[in-house]
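In what follows, a single structure is set out as structure tokens and then discussed.
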Amino acid sequence: MSQPLFAQSAADLARRLRAREVSATEVAEAHLDRVSATDPQVGAFLTMPRDEVMADAAAAQAMLDRGEGGPLCGVPVGIKDNISTRGVATTCASKLLENYVPPFDATVIEKLRAQGIVCFGKTNLDEFAMGTSCENSAFQLTRNPWDLDRTPGGSSGGSAACVAAQQVPLSLGSDTGGSIRLPAALCGLVGFKPTYGRVSRYGLIAFGSSLDQIGPFGRTVEDVALLSEAISGYDHLDSTSLDRHPIQTNALKSGSLRGLKLAIPDQLMTDEIQPGVRATFESALDLLRKEGVEITPVSLPSIQYGVTTYYIIAPAEASSNLARFDGIRYGLRLEGEGHIGNVATTRGEGFGHEVKARIMIGTYVLSAGYYDAYYTRAQQVRALMVQEFESTYRDFDAVISPTSPSVAFRLGELKDNPMAMKLLDFCTIPANMGGFPSISIPAGLSDHLPVGLQLTGPIGDDERILQLAYALEQALPPTPSPAMG
Amino acid sequence: MPEYVLSVGMEVHAELLTQSKMFCRCPVAFGGEPNTRVCPVCLGLPGTLPVPNRRAIELVMKTALALNCTIARHSVFHRKNYFYPDLPKGYQVSQYGETNPIGYGGFLEIPTAEGGFKRIGIRRVHLEEDTGKLMHLPSGGSGIDYNRAGVPLMEIVTDFPPDIQSPDEAKEYLAQLRQILIYLGVCDGRLEEGSMRCEPNISVRPQGAEKLGTKTELKNLNSFRSVQLGVQFEMRRQIATLEQGGTILQETRGWNEANESSFAMRIKEEENDYRYFPCPDLIPMEFDDPFIDRVAQEIPELPLAKTRRYQDELGLNAYDAGLLISDQDWADFFEKAVTLGGNPKLVCNWMNSDFAKLLNESGQWVAGERERTRVTPTHLVELVKLIESNSISGKMGKEVFAEVFATGKNPQAIVDARGLSQVSDSAAIEAWVQEVLDAHPDVVESYRTGKQGVIGFLVGQVMKRSQGQANPALVQESMRKALEP
């Protein structure tokens with residue numbers, strides 16, 4: 001093992017920790033040093049509470065010493081800053097919550113702590129998870145470790161960048177319309193959105209409640225599977241939580257590609273897909289065909305309305321979810337005229353442009369007189385889309401497509417083109433609409449930048465999707481790490 | 001001056017008697033230091049999620065069934081969006097729509113002055129969460145107490161157009177409803193404390209006019225009397241305004257208890273747009289027959305049915321029956337006594353006179369949290385039987401009952417111990433009569449000369465000799481016989 005600690009996979013670190021070859025404190029220190037060395041350029045972390053990290057590491061080591069703790073005991077995990085952490089600021093990258101410190105842990109954080117997994121700082125995001133480039137953060141830019149002039153993608157840009165920059169082996173993000181999978185694709189990582197309800201949302205600051213799902217980033221499918229297992233399972237604090245066991249990893253490596261049937265929707269192979277992305281994706285498909293995978297084009301017509309539908313449902317829910325930020329109980333508070341004046345000033349100054357735009361869209365589509373034309377119709381399209389996917393699953397193991405139509409774009413490149421930015425999610429949105437498990441894995445490089453490949457499966461088939469992703473990962477050429485640091 | 005018709009729609013909010021709040025485990029109780037019965041969920045902290053209180057759902061269904069409503073098989077919670085400082089999430093979880101509320105399309109019967117019954121249509125019975133309370137601080141400024149925030153609240157709305165057409169009917173509706181809620185054990189019905197709140201919508205229109213007049217909504221009514229007076233005041237005010245050529249403004253008015261008048265609070269320029277939509281954090285409720293049947297079985301005999309039965313089957317008059325059913329424990333006491341063989345009419349008389357008076361004086365009651373009376377239904381039956389069998393006189397009964405009340409001893413035991421047992425032995429009575437006749441020849445003489453009123457004196461003398469134990473009716477009879485020539 002000549003590799004530095006920070007470059008090792010979570011699975012390797014976990015084995016070495018369990019074997020006492022290395023201590024949790026050493027692992028934490030190595031990663032803190034790596035953050036000190038690289039984060040000034042990358043900008044992945046909003047908060048790095050060193051004392052808490054070292055305390056978590058000491059607690060993890062105590063568990064290891066007693067032979068306790070989960071499979072990832074002692075491994076550091078970056079946390080997207082919209083997941084509530086007791087005693088550590090949770091800002092959603094918004095001025096409105098700049099000084100907000102939750103008095104409770106999200107269920108996923110409780111699970112991490114119970115297993116001795118080290119909560120390793122809070123990562124940057126688009127404000128309230130609304131965006132595709134991390135440029136909507138009120139506090140800082142996050143850069144793509146593959147090319148510091150480019151975006152890591154969003155909204156979980158910090159969680160992607162920190163794993164790509166080897167600051168941590170794993171991180172947690174949240175995915176409402178692609179916010180895990182898209183940055184995973186742009187940063188050459190594995191990013192998984194489990195089935196809706198398989199991971200508790202309790203403590204995740206809501207954006208679009210019917211779409212939001214917490215999930216892991218990692219550099220290998222195995223690492224992602226291990227973290228999925230650690231965070232999943234029924235939670236009585238989340239009524240939408242599924243009454244299922246945690247995601248299992250025992251059969252992860254026993255999948256085979258031979259005879260595997262994958263559907264590729266025509267609607268996800270349009271001209272929007274950059275030629276470089278398409279070429280990389282198709283050469284990956286060629287490799288898979290050689291391994292015996294059967295790949296068949298299908299038509300899922302409602303996918304073309306995915307982005308439009310998403311931009312009705314998600315803002316509608318967001319406009320209501322974000323109504324609680326009125327400056328009365330916590331967070332930013334600014335004075336105006338009277339109560340409504342206070343609220344208007346607080347929200348007017350506290351929210352960034354994109355958040356306000358989405359609140360306005362959401363408010364509009366829920367208004368009396370417009371509700372049926374927009375919200376009701378959008379729910380109908382959503383139901384149709386789910387039907388189309390479900391009937392596809394009857395004949396195929398999973399749906400495959402590129403994750404993102406483009407490689408990482410330059411920071412600022414789409415700043416004035418919000419529509420183009422929003423269209424980047426058209427491959428990822430359907431999985432959120434249906435609550436389907438969906439994973440992005442690296443498919444190769446295009447112009448030295450990573451391209452992602454996405455697999456989406458039926459509700460509850462998280463284990464199967466991870467197993468397929470693992471098999472695909474073994475068949476595809478290994479993705480190098482970005483040449484930084 | 002034309003005749004006017006009054007229309008009153010009633011909106012009643014009732015806090016449910018659950019142990020915990022609607023969506024979290026905070027206890028439900030009146031009062032308490034501000035913000036001591038709160039948690040992250042009912043404070044609406046970011047990331048928290050609601051978990052519905054199953055008991056609250058059952059209590060609303062129970063009420064809906066008791067009010068003859070149809071039960072929705074599929075019922076969802078909606079978000080009602082508006083900004084107000086007492087509303088922690090910027091929305092209230094409520095229920096919206098004509099056939100979505102847990103119960104809809106029912107009715108309640110109220111007794112009329114003519115001795116009949118009138119049906120008041122119920123449009124909906126739904127479940128929502130209460131808000132916090134704004135408070136003026138002694139130091140100046142305002143504070144918010146969230147202890148009440150999230151308490152399960154049931155809303156009961158009458159039909160439209162309204163069936164209530166007089167201030168008396170408004171009061172009677174509220175009185176009947178309150179009694180039903182108390183019987184069902186769903187609400188304690190404390191109008192003064194605000195656990196039951198009533199907001200009438202009042203309008204008048206000239207006799208014959210089809211369209212309802214402009215309505216005003218009345219708030220701050222915290223007793224039956226204020227509901228009756230408030231509706232009456234509004235009716236007169238509106239008629240006077242129309243008579244003077246004025247127009248009624250659609251507004252919310254407050255009731256001033258002190259000077260018995262209403263005052264304008266705020267004008268309702270247009271209906272607020274609350275942007276209702278299904279709450280994505282809560283899964284829809286599905287109710288099947290076994291569930292509904294189980295809830296239905298919890299419903300006891302309701303007050304109106306009880307009064308009818310007391311009159312039809314037990315021969316009580318409406319007034320007495322009304323007194324008995326005014327409290328469920330009181331009615332239960334009565335029924336137990338009747339089941340034990342007590343004469344209904346006599347038991348009722350004892351309860352509604354001596355027993356009620358003593359309870360009232362002592363502050364005791366037959367059940368519940370107040371000091372419990374020592375009198376049992378068995379005691380009362382025994383007492384009534386002693387009187388019925390002429391073992392003791394009614395007058396002795398009063399003394400015996402007072403002792404039962406004070407000591408909890410059996411009536412028979414008291415009678416035996418005090419030697420109170422009434423003498424009905426004719427030989428003994430005749431002997432006393434003869435003694436009295438012998439002692440008062442002059443009185444006997446005057447009786448025989450026509451002054452028949454003196455018989456009272458002679459009977460009194462016999463009672464005196466018997467130390468009050470002679471059966472007065474037998475003495476009377478025996479004396480009359482002895483005086484006959």
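Just so you know, all these numbers are worked out from the coordinates, no wet-lab data involved. In this text, all values refer to a predicted model and were calculated from it rather than measured experimentally. Cβ atoms come from the backbone with ideal geometry, glycine included; neighbour counts cover every protein chain shown.
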Quick one: net charge of B:Gln412's neighbours, Cβ under 13 Å, K/R +1, D/E -1?
-> 0
At q = 0.11 Å⁻¹, what is the log10 ratio I(q)/I(0) for chain B, with the Debye formula run over Cα points and no solvent?
-> -0.99
Express in whole angstrom the spacing between the alpha-carbon centres of the range B:84-107 and the range A:219-281.
-> 39
Tell me which residues come under 5 Å, amide H to amide H, from A:Ala443 once H is placed; ignore anything under 5 positions away on its chain.
-> A:Val451, A:Gly452, A:Leu453
Neighbouring Cβ atoms within 10 Å as the yardstick, rank A:Glu29, A:Glu337 fewest first.
-> A:Glu337, A:Glu29
Find which of A:Thr220, A:His236, A:Ile205 sits farthest along the positive direction of the dipole of the range A:134-279, computed with +1 on the beta-carbon of Lys and Arg, -1 on that of Asp and Glu, about the Cα centre.
-> A:Thr220
In percent, what relative contact order does the range B:303-407 have, based on Cα pairs under 8 Å that are 6 or more apart in sequence?
-> 23
Counting only residues 5 or more apart in sequence or on a different chain, those whose built amide H sits under 5 Å from that of A:Val298 are A:Ile264, A:Asp266
Using the number of other C-beta atoms within 10 angstrom as an exposure proxy, rank A:Ser159, A:Ser299 with the fewest first.
-> A:Ser299, A:Ser159
Hey, quick one: spin label on A:Ala420, modelled 7 Å out along Cα-Cβ, who in the range A:427-459 has an amide N within reach, i.e. under 18 Å?
-> A:427
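Taking K and R as +1 and D and E as -1, what net charge do the other residues with C-beta under 14 Å from the C-beta of A:Glu413 add up to?
Summing Lys/Arg as +1 and Asp/Glu as -1 gives 0.
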Return a whole-number percent for the relative contact order of chain A, with Cα pairs under 8 Å and 6 or more residues apart as the contact set.
-> 17
Long-range amide H contacts for A:Gly74: which residues qualify at under 5 Å (H placed 1.01 Å from N, peptide plane, sequence gap of 5 or more or a different chain)?
-> A:Ile117, A:Val118
Any chance you could run the full-extension gain for A:Gln3 through A:Asp65? It's 0.36 nm times the residue separation minus the Cα-Cα distance, nm to one decimal.
-> 19.9 nm
How large is ³J(HN,Hα) for each residue in the range B:63-70, as worked out from phi by the Karplus curve 6.51 cos²θ - 1.76 cosθ + 1.60 (θ = phi - 60°), to whole Hz, x for Gly and Pro?
-> 5, 4, 5, 5, 9, 6, 7, 7
Considering the dipole of the protein assembly as shown built from charges on the beta carbon (Lys and Arg +1, Asp and Glu -1) around the Cα centre, which of B:Ile283, B:Asn35, A:Tyr311 is farthest to its positive end?
-> B:Asn35
So how strong a dipole does chain A carry about its Cα centre when Lys and Arg Cβ are +1 and Asp and Glu Cβ are -1, to the nearest 20 debye?
-> 280
Could you work out the mean projected area of the convex hull around the alpha carbons of the protein assembly as shown, in square nanometres to one decimal?
-> 55.0
Once phi for every residue in the range B:276-289 is put through the Karplus expression 6.51 cos²θ - 1.76 cosθ + 1.60 (θ = phi - 60°), the whole-Hz ³J(HN,Hα) values, with Gly and Pro written as x, are 4, 7, x, 6, x, 7, 10, 7, x, 8, 10, 10, 9, 4
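Can you figure out the FRET efficiency of B:Cys39 with B:Thr378, using R₀ = 41 Å and their beta-carbon distance, to the nearest 0.05? Write out the running numbers ahead of the final one.
Numbers: r = 48 Å, r/R0 = 1.17.
Efficiency computed from Cβ-Cβ geometry: 0.30.
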Net length gained if the chain between A:Arg333 and A:Glu29 were fully extended (0.36 nm per residue, minus Cα distance) | 105.7 nm
Chain lengthening between B:Ser139 and B:Glu109 when straightened (0.36 nm per residue, less Cα-Cα) | 5.9 nm
Everything considered on the Cα gyration tensor (a ≥ b ≥ c; rounded for a/c under 1.5, else prolate if a/b is larger than b/c, else oblate), the range B:214-345 must be described as oblate
For the range B:173-182, just list the computed ³J(HN,Hα) in residue order, Karplus coefficients 6.51, -1.76 and 1.60, θ = phi - 60°, integers in Hz, with x standing in for Gly and Pro.
-> 4, 5, 5, 5, 4, 4, 5, 5, 4, 5
So how far, in whole Å, is the C-alpha centre of the range A:325-347 from the one of the range B:229-281?
-> 29
Ranked by Cβ crowding within 10 angstrom, fewest neighbours first, how are A:Ser228, B:Ser326 ordered?
-> B:Ser326, A:Ser228
Gyration tensor (Cα only) of chain A to equivalent ellipsoid, semi-axes in Å sorted down, yields 30, 29, 21
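Can you tell me what percent of all Cα-Cα pairs in the range B:303-407 are more than 24 Å apart?
On the way: 1042 of 5460 pairs.
Tail fraction, whole percent: 19.
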Counting Lys and Arg as +1 and Asp and Glu as -1, what is the net charge of the other residues whose Cβ lies under 13 Å from the Cβ of A:Pro246?
-> -2
Specify the inter-centroid distance of the range A:373-414 and the range B:302-380, based on alpha-carbon positions, in whole Å.
-> 69
Sequence neighbours fewer than 8 away in the same chain don't count; with that in mind, list the lysines whose C-alpha is under 27 Å from A:Lys253.
-> A:Lys111, A:Lys193, A:Lys261, A:Lys290
Indicate the gyration tensor shape class of the range B:426-483 (rounded, prolate or oblate), computed on the Cα atoms with a ≥ b ≥ c the square roots of the eigenvalues: a/c under 1.5 is rounded; otherwise a/b larger than b/c is prolate and the rest oblate.
-> prolate
